[in-house]
Protein chains: 2
Amino acid sequence: MWPVAPWTRDGPPERTDPFSPAGHPPDSTDSTDTTDSTASFAPPNDPPLPFVLPFRSRSPAPPPLPLSLPAAFPFPFTFLPRRAGPRSRLHPAGPAHRPATASRPDAPGPSGPFPRSSTFLIRPVSLWPSPCPKTSPSSEEIPLTEYRSEYPFGVRHDGTEPASAQAEPGSSPPCATGTLESGLLLDAFDAQLFREQSETVVAKLEKHLSDVSIRGLDLTDPAALTDAARALMTTERTRIAAFDERKLAGIVDLYIKTGIQVHSPGYMGRQFSGVVPLSGVIDFVSSVVNQPSSFYEAAQLPSVAERIMAEELNAFIGWERDGFAMVTTSGGSLANLTALLAARNQAFPGFWSEGGAGLAGRPRPAVAVGDDVHYSVARAAGVMGIGDAGIVRLPLNERHQICVERAPGVLDAAERRGLKVFCLVASSGTTAMGAFDPLDELGDLARERGLWLHVDGAHGASLLVSDELRHKLRGIEKADSLTWDAHKMLFTPAPCTLLFYRNKENSLGAFRQRASYVFDEEPDVYTALDSGEKNFECTKRPMIMPLWTLWAVYGRALFARKIEYLCRLTADAHHLLVRESDFETLHRPEANILCFRFRPPGLAEEDVHAFQVEIRNRIKSEGNFLISKVDVGQVAALRVVMMNHQITSEHFGMLLGEIRRVGRDLLRQNRPPR
Amino acid sequence: MWPVAPWTRDGPPERTDPFSPAGHPPDSTDSTDTTDSTASFAPPNDPPLPFVLPFRSRSPAPPPLPLSLPAAFPFPFTFLPRRAGPRSRLHPAGPAHRPATASRPDAPGPSGPFPRSSTFLIRPVSLWPSPCPKTSPSSEEIPLTEYRSEYPFGVRHDGTEPASAQAEPGSSPPCATGTLESGLLLDAFDAQLFREQSETVVAKLEKHLSDVSIRGLDLTDPAALTDAARALMTTERTRIAAFDERKLAGIVDLYIKTGIQVHSPGYMGRQFSGVVPLSGVIDFVSSVVNQPSSFYEAAQLPSVAERIMAEELNAFIGWERDGFAMVTTSGGSLANLTALLAARNQAFPGFWSEGGAGLAGRPRPAVAVGDDVHYSVARAAGVMGIGDAGIVRLPLNERHQICVERAPGVLDAAERRGLKVFCLVASSGTTAMGAFDPLDELGDLARERGLWLHVDGAHGASLLVSDELRHKLRGIEKADSLTWDAHKMLFTPAPCTLLFYRNKENSLGAFRQRASYVFDEEPDVYTALDSGEKNFECTKRPMIMPLWTLWAVYGRALFARKIEYLCRLTADAHHLLVRESDFETLHRPEANILCFRFRPPGLAEEDVHAFQVEIRNRIKSEGNFLISKVDVGQVAALRVVMMNHQITSEHFGMLLGEIRRVGRDLLRQNRPPR
């Protein structure tokens, strides 16, 4: 706090009047009469008094207006209502939208009426002709602004010691004020404009969310979309363009219209979700308050929320409360890489500093994975210097899980080829078919062989929160690390990935450096919550906030009920499929991913692959449904992911009808593709 | 489109009435009389008619209310106004907040009045006792719901061919409806509730943004904050908790209060910014529409916006329009890693598949960096199997730039040690001091020696958009790749990182795999815009949208003017400092980062380091300003980053005054730390 403080953390003291320099209480007559009197200001008699800019009124009543300023007022200033500049032409009427008058020294300020809620800024204005001298682009240094201010100011810290600014009278006023350009810059950060922009957007999003019509993708030609997007861009090249609400509305409309319709029952194609709207709302707060969350001091609540969510979710994993750790990271791919790095650095302690070349002559590191593992795992091997040739693929059983019986033989064979497998990656919910690897048995196998067991539960770990479905991950407590995407089955905006370690010491093993500008030398109660040494990112979105907020407000049951419904719906859809003789089912779904093929009579065996691809593309381009495709045994299949609780079996029936129609059209046109 | 379509992409046809199954136009008397008549509904005479649920009214007028339903109405249903369930106790009055009545078959619906804007849902209700049979947690499979529906429904596609659901009469109704629990689930996705939540949040954010008081950090003990956060969480363990607005308000208040105050002039500590509010608003849209953007089909406008922004920004870099490429990625660390991977894979073509061990006996890969390079570069070397021992540090000159004269000698020495340097990393804006390495000369050096030149312009690349400041990156066109954080000096929410390649072929070199469920087999006009093979992430936030929207609405000048002001302000602050004999300046700032020390008379040389650290911590804990510290030549210094155009020289003067006061207090207490 200031010893003689015109400002506190909460702003100026209550006694401060916006039109009186601090230390000069306003005339009591003026401050009580708020209706129609003309304000007059006594210029301060002792010039170097505390006077801090910018300056915001906190008085409950608006100042008396109209306002005339005494010519003797010693501070050059600009009087800005909160809404300033040429934007006002967009708001032609209404007291809240009056244009500002950028007054010159001793010119009168703008006249009222202003609404009672208005706040006002007083900013210094320079007295010299060119307050912002331009630098020629070729000059080597920015020239310093000359200090030619005519007015003394500064902050007196106490009665005896002048402040720096005061000891150095004539520091320059901000160049950004006093010009049309700076008014537009201030406008862009205006809080009231922010609210109006938000209202525009909220109305459009509300309409979007309330639209439960069945629709897929409105696939637009990129060139046409580029033209449409370019048409929304300002043509102003040299000055700041005034805010144009029509541009914002046009952008949001185009964004919503051309997007994947995650909130529609027609969306069955991907694993990201129609978010719980509240999670989007809190994500909005994150976007505005901007608290990147790798360090406690920059994001206190997100850091604490991470700890809380770690404990809440670990209750379903079952690790020792004081022994485990969790970090958030930007997506499942990065979580898988991070876990594999921790495993690599543990198994090969010299790898971090010496790299792969340091292993010359010794067995080469390798990672064992199920044949259906997500592509990010093989990618991680390529990234981290193991090489994707160091991926040992374990065969699957008829349920598309890692075959526990055949795994040891494959591992033995890998060792004979000179590989040292240090990590086994299981999938809890494969991306392709949603199959759950047998964690209990794989955990035993990993322990026997001294392997790090990493579980990629990006899709399926969320089943842990359901009492009905938790058994799909039986044995999860034997894992060393677990990737869990909240942006999939916990229905938050993407990305929000949680990476769990059974042993918290391991969470420090993935990355190893220190930098003086981010890492504090002496850990304390605050820096103990920093995650910058545990996650790859330096600047990281506080992605936990949407998840924690949903969990705090609605509780676990919101997720459990929705997940249970989606899995039951998928089972129902499968049940429907098996009775349709012209459809081929490829598995009994374990969660909410279902793969199948349409094989009507008359379809030649060699055309099955291309037929499914073509059906998928036509369904997509017709725009009623969005589904995906996946290769199962090298032959394409149709793939449905049920992410929306507003989907019913009837919608799935409609999809099958559409597939039939499209497929029979294809056959009728006598051109089974290729 | 459906051949006989009860639904189009835009919802049910206009003629559809919410209380009449499609195909049965409502009684004309009922549809025109919207005031007080009692609606009666003719049950459909031909049972298997199209009847699709859920069902949303699009009629402009609200249905007549109160409403009595005929006992003969053949479809079991629930009548839900959009606002349902126990949440209504939070909104005790007002027609918009009436509680729902979950009516049983042939019970009357809820009575009005409802506001004219209301929409209504009709959902099927099951007739049997337990619509959602619970599975015992130990069972292996989810049991299929039995098909016992009493009512026929389905979709008739055309006159002759029954649809699947119809061919299979009796598919199950959604289990999620018809119970209190499901009402709460639907509530959580309710569009009107979303609007109300948004309004709560917007009001708080508006207040936050309009607060220009000078404040730093309100540092809270993590344990106390955890208690406060836990107190905001629902205690409901088994059921979905009803939405409680007080919880949301409490969370947002706590979030804002404990955050780093990026919009305050007291915030001078870090490189992330107080965002332009509009960028937060559009990020909100991203959070709700959830279009992860690695693939064109999932995020059409973001994909196009990336192309547009790439072209717009490349105008300031100067590469060939058809030759370069840009991808977005989750933060500067990931961009640096990606660029180094592309460089590594080009220089060592076998590295991706064989890993580092494949290089046995050959020179080991190494990366040359300036001594002040960001820690993410050394981290990348550790990650990617080069090893941080493969980092060759180039000495700096007195301006803290890479010393071009001494670099060749260091590179030669590295080669003699058996290293093969394949990449040179220059910084455009070092994190520590904001120094700009001489790109023009380093570009020549890299070309001579066949090195990939990567420029980490996370902080400073944004200076390119200013005609005044672009010269700081003279020679940028010689780079092979460039990291550029928009979330720093382009003032968007974090993260938004752009990674540029001079040669677009190189953008495909960082990662090399294919997965059938994401990568299409045959590239077409759409998949040409996919970025999934070029960026590490599979699911990636559409982070370009805030940047592109700002650029589209305000134009380049918004960024240029703000950056120019910040750099000038920093120069002014430096000018102020050099005249203060008790402060030590460490450099002439090149952008908006300024490092200095407070060295009052009486401070012993050996105490300088700890004294700066202690000053920094005290300034932080007093909560008026937030600054950071950095080691310069192994001795701590104070570091200021000017990110806010509302900071003036006067604020910097206040900071110096506070540093003086704190520092002299420390000295007076006669305990120079250690």
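Bear in mind that the values in this text are calculations on the coordinates, not laboratory data. What you see is a predicted model, and the numbers here were worked out from it, not measured in a lab. Quick reminder, even Gly has a Cβ in these numbers, built from the backbone with ideal geometry, and neighbours come from all protein chains shown.
Things worth noting here:
- Remark on B:A637: its backbone amide H falls under 5 Å from those of B:V630, B:D631, B:V632, a criterion applied only to residues 5 or more positions apart or on other chains, H modelled at 1.01 Å from N.
- Full extension of the segment from A:A223 to A:D665, taken as 0.36 nm per residue of separation minus the current Cα-Cα distance, would add 156.2 nm.
- Among the residues of A:639-647, the average count of other protein chain beta-carbon atoms within 10 Å of the residue beta-carbon is 3.
- Exercise: per-residue mean of other protein chain Cβ atoms within 10 Å, B:245-251: 3
- Exam field: A:G602 pseudo-label spacings to other copies (7 Å along Cα-Cβ), nanometres: 9.9
- Derived scalar couplings ³J(HN,Hα) [the range B:381-388; Karplus, 6.51 cos²θ - 1.76 cosθ + 1.60; whole Hz; x for Gly, Pro]: 4, x, 5, 8, x, 8, x, 6
- Listed from fewest to most Cβ neighbours within 10 Å, the set A:R246, A:R215, B:R512 follows the order A:R246, B:R512, A:R215.
- Förster-model FRET efficiency, 60 Å R0, B:R579 and B:D412, C-beta, rounded to 0.05: 0.85
- When A:R393 is represented by a point 7 angstrom out along its Cα-to-C-beta vector, the spacings to that point in the other copies are 4.4 nm, nearest first.
- Formal net charge of residues neighbouring A:P493 (Cβ-Cβ distance under 9 Å; K, R +1; D, E -1): 0
- The modelled label-to-label distance between B:D253 and B:D444, using points 7 Å beyond Cα along the C-beta direction, is 6.4 nm.
- Total formal charge among the other residues, if their Cβ is under 14 angstrom from that of B:K478, Lys/Arg +1 and Asp/Glu -1: -4
- Other-copy label distances relative to A:K207, 7 angstrom Cα-Cβ extension, nm: 3.1
- Here is the list for the range B:395-502: GluC sites (Glu not before Pro) lying in DSSP coil, each with at most 14 other C-beta atoms within 10 angstrom of its C-beta, are B:E398, B:E405.
- Rounded, prolate or oblate (a/c below 1.5 giving rounded, otherwise prolate when a/b exceeds b/c) for the range B:300-554 by Cα gyration tensor: oblate
- Cα gyration tensor category, rounded, prolate or oblate, for the range B:523-563 with a/c compared to 1.5: prolate
- Phi-derived couplings, Karplus 6.51 cos²θ - 1.76 cosθ + 1.60 at θ = phi - 60°, listed residue by residue for the range B:275-280: 5, 5, x, 4, 5, x Hz, with x used for Gly and Pro.
- Set of lysines with alpha-carbon distance to A:K620 below 20 Å, sequence-local pairs under 8 removed: A:K257, A:K629
- Likely footprinting exposure, B:M268, B:M643, fewest C-beta neighbours within 10 Å first: B:M643, B:M268
- For trypsin sites (Lys or Arg not before Pro), no site in the range B:594-640 is both called loop by DSSP and has at most 12 other Cβ atoms within 10 Å.
- Electrostatic tally near B:E584: other residues with Cβ closer than 9 Å to its Cβ, Lys and Arg +1, Asp and Glu -1, net +1.
- Least to most buried among A:R399, A:R541, A:R668, B:R561 (fewest other Cβ within 10 Å first): A:R668, A:R399, B:R561, A:R541
- Distance from the range B:372-451 to the range A:271-285 (C-alpha centre basis), Å: 42
- Entries of B:K420/B:K478; A:K207/B:K534; A:K247/B:K472 with Cα pairs more than 28 Å apart: A:K207/B:K534; A:K247/B:K472
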